[in-house]
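Asker: Let me give you the structure first, and then I'll get to my questions.
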Amino acid sequence: MSTQCPFCSVQCKMNVAEEPLPSGRVRYRAEGKMNAASEGRLCVKGQNAHQHAMSRERVLYPLAKKNGAFVRIGWEEAVAAIAERMSAIQRERGRDAVGVYGGGSLTNESAYLLGKFARIALGTKHIDYNGRFCMSAAASAGVKAFGIDRGLTNKLSDIPETDCLLLVGTNIAECQPTLMPYFNKAKENGTFIIVVDPRETGTSAIADLHLKVRPGTDAALANGLLKVLLEERLENRRFLSERTTGFAEVERQVKEMRLEDISNLTGVPEAAIRKAAIAYGRAGTGMVFTARGIEQHRDGHMAVRAYLNLMLAAGKIGRRGCGYGAVTGQGNGQGGREHGQKADQLPGYRLIENPEDREYIAGVWGIDAAELPGKGVSAYEMMELTVSGDIRGLLVMGSNPIVSNPNVGLVEEGLKSLEFLVVADMFLSETAELADIVLPVTSYMENTGTLTNLEGRVLLREAARPAPGEARHDWQWLCDLAARWGRGDKFDFAEAEAIFEELRIASRGGIADYYGITYDRLRREEGVYWPCPSPDHPGTKRLFEAGFAHADGLARLVPVDNLPPGEETDRDYPLLMTNGRLLPHYLTGVQTRRSAALAARAVENVVELHPSTARKYRIEDGTLVRVRSRRGTAIVRSKVTIGIREDTLFIPMHWGGIQNVNLLTNPLLDPFCRMPDFKVSAVAIEPWS
Ligand SMILES: Nc1nc2c(c(=O)[nH]1)N[C@H]1C(S)=C(S)[C@@H](COP(=O)(O)OP(=O)(O)OC[C@H]3O[C@@H](n4cnc5c(=O)[nH]c(N)nc54)[C@H](O)[C@@H]3O)O[C@H]1N2
Ligand SMILES: Nc1nc2c(c(=O)[nH]1)N[C@H]1C(S)=C(S)[C@@H](COP(=O)(O)OP(=O)(O)OC[C@H]3O[C@@H](n4cnc5c(=O)[nH]c(N)nc54)[C@H](O)[C@@H]3O)O[C@H]1N2
Ligand code: SF4
Ligand SMILES: [Mo]
């Protein structure tokens with residue numbers, strides 16, 4: 001069976017072979033398949049992904065909660081009940097009283113249709129998705145600085161050719177493991193590798209220089225790097241004057257800063273800042289990568305802008321071996337943010353508040369532009385509206401918000417208080433457990449559709465096995481549901497390809513232009529990079545060779561302030577807690593915990609802490625500890641390691657319940673992109689007894 005991994009943004013292609021055993025049972029074995037991104041590699045998650053697709057815990061039939069327990073119902077009954085209950089809420093409280101919450105694992109076709117469904121079937125402005133927690137800071141920074149947001153501006157094959165790599169808050173070794181060979185190859189070629197992370201990781205293991213930054217102070221560190229770059233006269237004046245605007249103000253502001261202050265704020269020695277800046281500045285070519293470590297902060301957008309300032313000042317973009325990568329997270333984290341699941345967005349990266357964009361999409365959908373709602377609020381703000389009672393009905397597709405939102409105590413209260421909750425999932429996730437109706441959906445092995453990987457390459461994943469039980473594709477039941485709102489004619493699709501044909505037209509002329517991409521082409525070629533405006537266009541591999549995507553062709557630099565962490569420590573909460581990922585688990589673990597081979601690799605949540613911190617708070621290695629923040633308390637097992645800053649704790653995000661790190665996290669939102677301040681909370685730690 002030929003398929004594609006459902007997990008991270010690399011989207012490795014694979015074959016899953018069925019091997020009959022003498023006992024009559026079948027063993028499955030996954031092997032990587034040659035393709036341009038992973039080059040045939042597969043990490044441990046991909047190797048074992050089929051275990052969850054074949055799990056006995058799959059939801060196989062629609063379920064309805066009756067007297068507190070789920071009972072099996074038919075699809076007809078489920079769809080009718082959803083239409084009736086949601087319509088009743090809307091009649092009574094207005095159209096916006098129903099919200100829609102999507103995800104970055106959905107195919108482009110399902111994500112596109114979910115946006116269309118929200119706007120023209122439900123007619124609600126409230127739709128957002130988990131990518132808000134994932135890509136919003138880097139995506140909005142790319143849009144502002146370059147005029148376009150596409151994860152990598154270069155091909156992956158540029159990585160081994162670059163002279164200097166700056167990896168900021170990104171742990172490729174655990175999060176995109178099959179890309180590591182590109183970085184290892186760079187290392188072999190003599191590339192100088194700088195990693196910025198508060199702790200040692202599989203990625204920092206290959207660094208020539210590791211800047212152990214204090215969580216939440218990345219913007220200041222980037223300003224420090226820029227300051228040294230300018231002092232050393234390593235900026236590219238010609239590039240700055242011909243291809244950018246805004247440098248003068250940035251230069252003025254950075255010159256006024258003192259490196260000593262930056263060093264005190266970030267915890268990175270001045271000499272190390274100097275060394276990193278000079279290495280990047282002097283290198284003939286260089287690339288900068290950022291991920292959630294720097295982005296999931298109340299100033300995530302500006303922290304990324306600060307690194308883009310540095311890169312633009314160095315003139316290291318738009319040519320071979322030079323560029324920027326916002327390392328996208330989810331399988332379709334890229335495509336999922338282009339076609340209208342976002343509160344302010346229409347397909348093709350169009351904007352719902354832009355009159356021309358509204359006209360265009362209304363034309364494609366055959367409606368009057370006045371019928372389209374305006375923009376709604378971000379994912380966490382939707383959760384707040386469930387608490388305030390403004391949102392009374394919610395449809396969740398491809399996310400587990402009760403585990404993945406910040407400050408989940410409040411989210412639980414909100415979801416429990418809803419009049420009606422529908423969750424479409426393969427499993428009874430923690431969120432699905434709360435639902436009134438659960439819809440069984442197909443897994444990656446059963447569902448044909450396109451996904452756009454971190455390179456901006458659109459890939460076709462074809463179904464490899466039939467749907468189990470009565471599971472349906474997300475887009476399929478959306479079409480059934482739309483018919484109940486009298487919109488059947490606008491949702492008349494018999495297969496995914498037909499939706500893609502409409503998406504092509506809807507994205508045509510937009511920033512994320514897929515018009516030139518067809519299923520036939522995707523079958524013939526190894527995926528196509530957008531923008532691809534016509535069928536004879538080869539797709540765009542390296543961006544910005546000639547100009548940036550703003551109308552004047554220039555990139556924007558902008559002054560960035562040095563901010564302290566979003567929540568500072570004090571006597572009661574003396575440590576900074578950050579969080580992230582482990583290799584064997586994926587996000588809230590709903591899928592990876594149902595894969596025995598993966599579940600066994602990490603069975604419970606941990607807190608990484610430095611030996612001297614452990615001593616200070618009387619914590620033995622391997623014992624249960626209580627971690628408290630101003631929002632809540634979690635109980636996890638201690639893991640003492642010298643690899644982490646003394647003032648910092650690290651807790652993975654893959655567990656719910658009492659082990660959930662999001663009981664602690666801070667819902668402070670970035671003003672530009674509404675990204676929550678996931679990556680830094682002031683906490684206290686003590687033995688649990
Ligand atoms: N195994 C695995 N792989 C995954 C996923 C998964 O759940 N599991 N999820 C996928 C998804 S959706 C995403 S978004 C990506 C995420 O990919 P990454 O962003 O690479 O993953 P994280 O572990 O969240 O964070 C990266 C690093 O940031 C560091 N960090 C924490 N705070 C700070 C800070 O203030 N500043 C800096 N500079 N660094 C900091 C952490 O120590 C961590 O090593 O991974 C994708 N791949
Ligand atoms: N503290 C902390 N919190 C974080 C983060 C962090 O770094 N730290 N990272 C954030 C990031 S980057 C992300 S991306 C979010 C992700 O967090 P979530 O959105 O909760 O992501 P998942 O755990 O993947 O949940 C996806 C759910 O959808 C189901 N699913 C998978 N594929 C499909 C499909 O095709 N259709 C349907 N209908 N369902 C499907 C899965 O079974 C699972 O239950 O978490 C965020 N939360
Ligand atoms: S998790 Fe990512 S790197 Fe691992 S096999 Fe899947 S797509 Fe590839
Ligand atoms: Mo993500």
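The values are calculated or read from the model by the stated rules, or taken from the named source; none is laboratory data. Note that the coordinates shown come from a computational prediction; the quantities given were computed from them, not determined experimentally. Glycine gets a Cβ as well: all are built from the backbone with ideal geometry, and neighbour counts include every protein chain shown. Only protein heavy atoms, including side chains, enter the accessible area calculation; ligands, DNA and RNA are left aside. Shrake-Rupley method; radii C 1.70, N 1.55, O 1.52, S 1.80 Å.
Asker: Looking only at segment 592-611, decide whether some residue is within 9 Å of ligand 2 (Cβ to nearest atom) and among the aliphatic types (A, V, I, L, M).
Answerer: no
Asker: Still on this structure, please answer the following. State whether one or more residues within segment 360-373 are touching a Gly at 6+ places or on another chain (Cβ under 9 Å), within 28 Å of P652 (Cβ to Cβ) and open to solvent by 20 Å² or more (accessible area, probe 1.4 Å).
Answerer: No, every residue in segment 360-373 fails to be touching a Gly at 6+ places or on another chain (Cβ under 9 Å), within 28 Å of P652 (Cβ to Cβ) and open to solvent by 20 Å² or more (accessible area, probe 1.4 Å).
Asker: Go through segment 64-97 and report how many residues are touching a Phe, Trp or Tyr at 6+ places or on another chain (Cβ under 9 Å), open to solvent by less than 70 Å² (accessible area, probe 1.4 Å), of a type outside the set (A, V, I, L, M, F, W, C) and part of a strand (DSSP E or B).
Answerer: Residues meeting the conditions: 0.
Asker: A further question follows. Quick check on this structure: which one of V16, V10 is within 16 Å of ligand 3 (Cβ to nearest atom), closer than 25 Å to W475 by Cβ and part of a strand (DSSP E or B)? If you could, list the steps in order and put the result at the bottom.
Answerer: Details: V10 fails: part of a strand (DSSP E or B).
Only one candidate passes the filter, namely V16.
Asker: Among what's in segment 277-293 and is part of a helix (DSSP H, G or I) and more than 16 Å from ligand 4 (Cβ to nearest atom), pick the residue that is farthest from P215 (Cα to Cα).
Answerer: Taking segment 277-293 as the starting set, the residues that turn out to be part of a helix (DSSP H, G or I) are 277-282, 292-293.
Cutting the leftovers down to more than 16 Å from ligand 4 (Cβ to nearest atom) gives us 277-282.
On the way: A277: 20, I278: 23, A279: 23, Y280: 22, G281: 25, R282: 27 Å.
Checked segment 277-293; the qualifying residue farthest from P215 (Cα to Cα) is R282.
Asker: Could you go through segment 41-63 and let me know if any residue there is within 16 Å of ligand 3 (Cβ to nearest atom), loosely packed, with under 15 Cβ neighbours inside 10 Å and part of a loop (DSSP other than H, G, I, E, B).
Answerer: Within segment 41-63, not a single residue is within 16 Å of ligand 3 (Cβ to nearest atom), loosely packed, with under 15 Cβ neighbours inside 10 Å and part of a loop (DSSP other than H, G, I, E, B).
Asker: Taking the condition of being within 16 Å of ligand 2 (Cβ to nearest atom), open to solvent by 10 Å² or more (accessible area, probe 1.4 Å) and not hydrophobic (A, V, I, L, M, F, W, C), how many residues in segment 122-135 meet it?
Answerer: Of all residues in segment 122-135, those within 16 Å of ligand 2 (Cβ to nearest atom) come to 127-135.
Going one step further and asking which of them are open to solvent by 10 Å² or more (accessible area, probe 1.4 Å), we end up with 130, 132-134.
Okay, now just the ones that are also not hydrophobic (A, V, I, L, M, F, W, C), so 130, 132.
Number satisfying all stated conditions: 2.
Asker: Sticking with this one: Tell me whether segment 136-151 contains one or more residues that are in contact with a strand residue (DSSP E or B) (Cβ under 6 Å, 6 or more places away or on another chain) and either within 15 Å of ligand 1 (Cβ to nearest atom) or in the same structural domain as I89 (by TED's automatic domain parsing) (or both).
Answerer: Yes - at least one qualifying residue is present in segment 136-151.
Asker: Which condition number does G336 fail, the rest of (1) in a helix (DSSP H, G or I); (2) more than 16 Å from ligand 4 (Cβ to nearest atom) being met?
Answerer: Every listed condition holds for G336 apart from (2).
Asker: Quick one: which of A483, A496, A555, A471 is touching a residue at least 12 places away in the same chain (Cβ under 8 Å) and under 21 Å from G340 (Cβ atoms)? Lay out the reasoning, then the answer.
Answerer: Working: A483 fails: touching a residue at least 12 places away in the same chain (Cβ under 8 Å); A555 fails: under 21 Å from G340 (Cβ atoms); A471 fails: under 21 Å from G340 (Cβ atoms).
Matching residue, one of A483, A496, A555, A471: A496.
Asker: Just name the residue that is farthest from R615 (Cα to Cα) out of those in segment 636-666 that are open to solvent by 30 Å² or more (accessible area, probe 1.4 Å) and outside any loop (DSSP other than H, G, I, E, B).
Answerer: The residue in question is G657.
Asker: Something else: Any idea which residue in segment 559-586 is nearest to ligand 2 (Cβ to nearest atom), counting only those that are closer than 20 Å to F133 by Cα, assigned to a loop (DSSP other than H, G, I, E, B) and open to solvent by less than 40 Å² (accessible area, probe 1.4 Å)?
Answerer: Checked segment 559-586; the qualifying residue nearest to ligand 2 (Cβ to nearest atom) is Y586.
Asker: Now for a different question. So, in segment 232-249, of the ones that are among the hydrophobic types (A, V, I, L, M, F, W, C) and touching a residue at least 60 places away in the same chain (Cβ under 8 Å), which residue ends up most open to solvent (accessible area, probe 1.4 Å)?
Answerer: Residues of segment 232-249 among the hydrophobic types (A, V, I, L, M, F, W, C): 234, 239-240, 247-248.
Subset that is touching a residue at least 60 places away in the same chain (Cβ under 8 Å): 234, 239-240, 247.
Details: L234: 38, F239: 21, L240: 10, F247: 22 Å².
Top of the filtered list is L234.
Asker: Oh, and also: Which of the residues spanning segment 504-530 are assigned to a loop (DSSP other than H, G, I, E, B), open to solvent by less than 30 Å² (accessible area, probe 1.4 Å) and not acidic (D, E)? Show your work before the answer.
Answerer: So in segment 504-530, the residues assigned to a loop (DSSP other than H, G, I, E, B) come out as 508-518, 525-527, 530.
Now narrow it down to the ones that are open to solvent by less than 30 Å² (accessible area, probe 1.4 Å): 510, 512-514, 516-517, 527, 530.
The answer is G510, A512, Y514, G516, I517, G527, W530.
Asker: Just checking, which of A17, A36, A30 is small (G, A, S) and touching a helix residue (DSSP H, G or I) at 6+ places or on another chain (Cβ under 7 Å)? Before you say what the answer is, go through the steps one by one.
Answerer: On the way: A17 fails: touching a helix residue (DSSP H, G or I) at 6+ places or on another chain (Cβ under 7 Å); A36 fails: touching a helix residue (DSSP H, G or I) at 6+ places or on another chain (Cβ under 7 Å).
Residue meeting the stated conditions: A30.
Asker: When the residues of segment 312-331 are filtered to those that are outside any strand (DSSP E or B) and within 16 Å of ligand 1 (Cβ to nearest atom), which remaining residue is farthest from R237 (Cα to Cα)?
Answerer: Going through segment 312-331, the residues outside any strand (DSSP E or B) turn out to be 312-318, 320-321, 327-329, 331.
Going one step further and asking which of them are within 16 Å of ligand 1 (Cβ to nearest atom), we end up with 327-329, 331.
On the way: V327: 28, T328: 31, G329: 34, G331: 39 Å.
Within segment 312-331, the match that is farthest from R237 (Cα to Cα) is G331.
Asker: R214 - would you say it is in contact (Cβ under 8 Å) with a residue 40 or more places away in the chain, open to solvent by 20 Å² or more (accessible area, probe 1.4 Å), among the basic types (K, R) and out of contact with any strand residue (DSSP E or B) (no Cβ under 6 Å at 6 or more places or on another chain)? Give the derivation first.
Answerer: Numbers: in contact (Cβ under 8 Å) with a residue 40 or more places away in the chain: yes; open to solvent by 20 Å² or more (accessible area, probe 1.4 Å): yes; among the basic types (K, R): yes; out of contact with any strand residue (DSSP E or B) (no Cβ under 6 Å at 6 or more places or on another chain): yes.
When the stated conditions are applied, R214 passes them.
Asker: OK, next. Looking only at segment 14-33, which residues are out of contact with any Asp or Glu (no Cβ under 9 Å at 6 or more places or on another chain) and within 29 Å of C134 (Cα to Cα)?
Answerer: We begin by selecting, within segment 14-33, every residue out of contact with any Asp or Glu (no Cβ under 9 Å at 6 or more places or on another chain); these are 18-25, 30-31, 33.
Passing the criteria: A30, E31, K33.
Asker: Turning to a different aspect of this structure: Being within 16 Å of ligand 2 (Cβ to nearest atom) and either within 23 Å of E646 (Cβ to Cβ) or among the hydrophobic types (A, V, I, L, M, F, W, C) (or both) is the filter here; which residues of segment 174-195 pass it? First the steps, then the outcome.
Answerer: Restricting attention to segment 174-195, the residues satisfying the condition of being within 16 Å of ligand 2 (Cβ to nearest atom) are 174-176.
Selection gives E174, C175.
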